[in-house]
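Working notes, structure below.
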Amino acid sequence: MQFNTKTIHGNQHHDASTGAVMPPIYQTSTYAQTSPGVHKGYEYSRTGNPTRHALEEAFASLENGNYGLAFGSGLAAIDAILKLFVPGDEIIATNDLYGGTYRLFTKVYEKFGLVFKFVDMQNTENISAQVTSNTKLIWVETPTNPMMNIIDIEAVIQIARQNKVLLAVDNTFATPYLQLPLDMGADIVMHSATKYLGGHSDVVMGALVVKDKELADKLYFLQNASGAVCGPMDSFLVLRGLKTLHVRMQRHCENGAQVAVYLKNHPKIDKVYWPGFENHPNHEIARRQMKDFGGMMSFTVKGNHKADAITVVENLKLFTLAESLGGVESLCGHPATMTHASIPKEEREKTGVTDSLIRLSVGIEDVGDLIEDLRLALLHV
Ligand code: P1T
């Protein structure tokens with residue numbers, strides 16, 4: 001089955017009892033048992049819920065995995081992965097990554113004895129240099145948030161296999177429309193389903209997909225034991241969102257390409273970070289590993305003044321100034337004070353997240369209107 005069919009049919013079934021084409025929203029916390037332990041497959045909605053289950057099956061299908069798990073947020077999904085480890089275990093992570101992931105790693109899990117090493121994974125030799133006998137996980141985010149670096153997943157997989165460590169890929173920016181890390185050999189795919197998978201900026205949710213049963217069982221145990229699950233209504237909404245993922249992503253990519261080229265040619269713009277440009281440092285990897293280049297990008301205004309960046313985001317009208325990304329509507333953000341404020345200034349500036357950086361999530365509106373919005377906002381600087 002091709003991806004464009006899978007979004008609508010992959011592991012998805014009509015409701016067995018009524019024939020309902022979309023799974024009902026099973027808004028229930030618990031399920032009647034005829035005798036202790038005798039039930040129809042569901043006992044309690046933290047452990048399992050039919051609407052959530054339908055979504056988890058769809059997640060597994062889209063990422064070419066065997067097991068899907070849905071959580072109350074992307075960070076809750078990452079939290080479940082981190083609970084696989086014990087004090088002293090080491091995790092090597094991308095140095096440019098979502099600020100909240102960095103905060104969870106350094107402010108929550110370091111306290112419990114996990115050791116994080118942040119490396120620039122654009123050169124995968126930097127990873128090998130950090131591997132020790134305590135390394136248990138390599139954490140890859142590609143494209144990275146917000147610098148749009150591309151990490152060579154297959155090269156990282158070689159390192160993970162040689163050293164017998166797990167590899168997890170945060171596939172939030174790319175989505176399975178653009179890249180399939182499990183097919184390349186990754187062990188875990190993670191998503192902030194809040195973004196492109198949901199696609200409509202109306203739900204906060206996380207997802208994990210794996211192929212291996214033993215790993216899936218450990219994660220299901222943690223999902224139930226720690227309890228950061230999503231509700232049935234949210235599960236329904238994301239399942240509905242998934243059905244148009246391929247169409248939305250196609251348009252995000254088309255609009256993204258046009259907006260990136262517009263910005264690149266604009267006299268007031270300094271740098272545009274978008275992997276579709278031939279002179280992007282990781283363009284060849286992006287071309288090989290991704291189907292297209294997506295609708296996320298970052299840029300700086302000439303002169304690199306924070307005040308100019310703020311003026312631009314304040315004057316954009318169709319691009320709403322807001323946290324988040326991946327919805328049908330275009331958003332803009334100022335990473336240094338918003339999504340990446342939890343990373344110390346010296347750390348984030350090392351990766352390029354300066355006070356003058358603006359991030360765009362290009363939506364699926366008319367691209368001419370989006371470009372006009374940018375043109376007008378840039379008149380103010
Ligand atoms: O927000 P939540 O659903 O908990 O997902 C966290 C997360 C994980 N990974 C990546 C790559 C992300 O971008 C995010 C959330 N990011 C934003 C809110 C943002 O504006 O970048």
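The values are calculated or read from the model by the stated rules, or taken from the named source; none is laboratory data. These figures come from a predicted structure and were not determined experimentally. A quick note on method: Cβ atoms are made from the backbone with ideal geometry, for glycine too, and the neighbour counts reach across all protein chains shown. The accessibility values were calculated without ligands, DNA or RNA, using every heavy atom of the protein model including side chains. Shrake-Rupley method; radii C 1.70, N 1.55, O 1.52, S 1.80 Å.
Between residue 264 and residue 314, the modelled label-to-label distance comes to 3.1 nm, taking each label 7 Å out from Cα in the direction of the beta carbon. Hydrophobic long helices, here whole DSSP H runs in the chain with Kyte-Doolittle means of at least -1.0 and Cα atoms spread over 20 Å or more along the helix axis, are found at 245-265. Global dimensions of the stretch 120-249 from alpha-carbon coordinates: Rg and Dmax equal 15.7, 46 Å. Beta-bridge orientation, the stretch 1-135: approximately 25 percent antiparallel, per DSSP, counting only bridges with both partners inside.
Computing FRET efficiency as 1/(1 + (r/R0)^6) for residue 376 and residue 247, where r is the C-beta to C-beta distance and R0 is 45 Å, gives about 0.95. Placing one equal scatterer on every Cα of the stretch 1-137 and applying the Debye formula, the log10 ratio I(q)/I(0) at q = 0.13, 0.14, 0.19 Å⁻¹ is -0.80, -0.87, -1.11. If R0 is 35 Å, the Cβ-Cβ spacing of residue 21 and residue 271 corresponds to a FRET efficiency of close to 0.15. Only lysines eight or more places from residue 317 in sequence, or on another chain, were considered; those with a Cα closer than 20 Å are 268, 306. Quantify, in whole percent, the carbon and sulfur part of the accessible surface of the stretch 246-378 (1.4 Å probe; protein heavy atoms only). Accessible surface attributable to carbon and sulfur in the stretch 246-378 totals 52 percent. Expressed as a whole percent, the proportion of Cα-Cα pairs in the stretch 246-378 lying more than 25 Å apart is 21%.
Which shape class, rounded, prolate or oblate, goes with the stretch 304-354 when its Cα gyration tensor gives a ≥ b ≥ c as root eigenvalues, a/c under 1.5 marks rounded, and past that a/b bigger than b/c marks prolate? Since a/c reaches 1.5 but b/c is at least a/b, the shape of the stretch 304-354 is classed as oblate.
Kirkwood analysis of the stretch 166-220, using all unique Cα-Cα pairs, places the hydrodynamic radius at 11.7 Å. Here residue 66 and residue 128 are evaluated by their C-beta separation; at R0 = 30 Å the FRET efficiency comes out at 0.50. One chain, two ends: residue 183 and residue 341. Fully extended at 0.36 nm per residue, the span grows by 53.5 nm beyond their Cα-Cα distance. Amide H contacts under 5 Å for residue 172: 192, restricted to partners 5 or more places along the chain or on a different chain, H placed in the peptide plane at 1.01 Å from N. Between residue 228 and residue 40, full extension at 0.36 nm per residue minus the direct alpha carbon distance yields a gain of 65.3 nm.
Spatial offset of the stretch 266-293 relative to the stretch 198-224 amounts to 30 Å, using the alpha carbon center of each.
Backbone amide hydrogens, once placed in the peptide plane, bring residue 270 within less than 5 Å of 300, 301, 302, excluding anything fewer than 5 places away on its chain. For the stretch 311-363, the list of trypsin sites (Lys or Arg not before Pro) that fall in a loop by DSSP and count at most 14 other C-beta atoms within 10 angstrom reads 317. Taking the three principal axes of the alpha carbon atoms in the chain, the coordinate ranges are 73, 50, 35 Å, sorted in descending order. Note on the chain: GNM, Cα springs under 10 Å; of 16, 54, 70, the largest mean-square fluctuation is that of 16.
Would you list which lysines come within 23 Å of residue 213, measuring only between C-alpha atoms, while excluding same-chain residues fewer than 8 positions from it? Answer for residue 213, where 23 Å is the Cα cut-off: 6, 40, 83, 136, 164, listed by chain and number. Taking label positions 7 Å along the Cα-Cβ direction at both residue 86 and residue 47, the computed distance is 2.7 nm, reported to one decimal.
Projected onto its three principal axes, the C-alpha set of the stretch 65-191 covers 36, 35, 30 Å, listed from the longest axis down. With protein chains left intact and a 1.4 Å probe, residues in the chain average 42 Å² of accessible area per residue. Annotation: the antiparallel percentage among DSSP beta bridges lying fully within the chain is about 55.
When the helices of the chain are scored as -39500 (n - 2.57) per DSSP H run of n ≥ 4 and the total is divided over every residue, the value at 222 nm lands at -10500 deg cm²/dmol.
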